[in-house]
1. Among all residue pairs at least 6 apart or on different chains, which show Cβ distances below 8 Å where the first residue, located in the range 246-257, is at positive phi and the second is at pLDDT 95 or above and buried (at least 16 other Cβ atoms within 10 Å of the Cβ)?
2. Could you please let me know if residue 235 is modelled with pLDDT under 95, surrounded by 21 or more Cβ atoms within 10 Å (Cβ to Cβ) and in a loop (DSSP other than H, G, I, E, B)?
3. How many residues are modelled with pLDDT of 95 or more and in a loop (DSSP other than H, G, I, E, B) if we restrict to the range 1-32?
4. From the list 88, 49, pick out the single residue that is touching a residue at least 24 places away in the same chain (Cβ under 8 Å), crowded, with 24+ Cβ neighbours inside 10 Å and closer than 30 Å to residue 223 by Cα.
5. Looking at the range 35-46, is at least one residue closer than 23 Å to residue 179 by Cβ, at pLDDT 95 or above and buried (at least 22 other Cβ atoms within 10 Å of the Cβ)?
């Protein structure tokens, strides 16, 4: 399971994103080389991350599909190095073979954008000890798409998905305290910003309904660029840090337990400053 960390509701733990891919939407190609990925993981841990979330394939709408063999090939040298250095890591993949590889290599969590849709794998998940990030997405399988979604219906859809999935995982023997709920953000909820905004506002309801820990990942996502557009032109990826921090701090105020982000140092400083200002 993820290493324990004492933190107040306003100061969630941070998962640092390292994408070992050529085509991730914001950092594709930067950390495809294992040495660069390992060094970046070290940097993020020093900046305040409690865990490194490794992405072996991209899931944005314009990405290229890859096999689990490719994912594992990308992960192997990085995972080996992080284990040797005692750095906690998780793996972000919906491929069962990749998840099985990650379990065998001591991953602290598995992060699945489809919330572990492979029911044949649930018994193995129940026998494991790592945490499970169960994400909700409007897509049943594969990468994110660009779909128009009714923002007024997204929260009920999300709650219905989690109710069904948690029941299935629970019946298979997965303990609730191993589960983190991720409502999904950006294209995983729809093409416009409104569904993501609605999901962020519903974070307290998510916790109250299921009693599980909650993770949020809004980092650099397109809906933030759309919110801050100027004359119809969305903010470019490199211009989304202020909007990202605003959304992450909002999520912290809503009581999330984990925030998954690219910009660990900026978030860690923002959370630390907020905690100091709020200290009685």
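1. Final answer for the pair search is 255/203; 255/214.
2. Values: modelled with pLDDT under 95: yes; surrounded by 21 or more Cβ atoms within 10 Å (Cβ to Cβ): no; in a loop (DSSP other than H, G, I, E, B): yes.
In short, no.
3. Adding up the residues that qualify gives 2.
4. Details: 88 fails: crowded, with 24+ Cβ neighbours inside 10 Å.
Only one candidate passes the filter, namely 49.
5. Taking the range 35-46 as the starting set, the residues that turn out to be closer than 23 Å to residue 179 by Cβ are none.
Scanning the range 35-46 turns up no residue that is closer than 23 Å to residue 179 by Cβ, at pLDDT 95 or above and buried (at least 22 other Cβ atoms within 10 Å of the Cβ).
Here's the yes/no breakdown for (1) in a loop (DSSP other than H, G, I, E, B); (2) surrounded by fewer than 19 Cβ atoms within 10 Å (Cβ to Cβ); (3) touching a helix residue (DSSP H, G or I) at 6+ places or on another chain (Cβ under 7 Å); (4) at negative phi:
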position	(1), (2), (3), (4)
181	no, no, yes, yes
197	no, yes, no, yes
209	no, yes, yes, yes
215	no, no, no, yes
218	yes, no, yes, yes
224	no, no, yes, yes
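Each row is one residue, and each column tells you yes or no for (1) crowded, with 17+ Cβ neighbours inside 10 Å; (2) closer than 15 Å to residue 96 by Cα.
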{"residue": "124", "(1), (2)": "no, yes"}
{"residue": "132", "(1), (2)": "yes, yes"}
{"residue": "154", "(1), (2)": "yes, no"}
{"residue": "166", "(1), (2)": "yes, no"}
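The values are calculated or read from the model by the stated rules, or taken from the named source; none is laboratory data. Please read these numbers as outputs of a predicted model, since none were measured by experiment. Backbone-built Cβ (ideal geometry, glycine too); neighbour counts: all protein chains shown.
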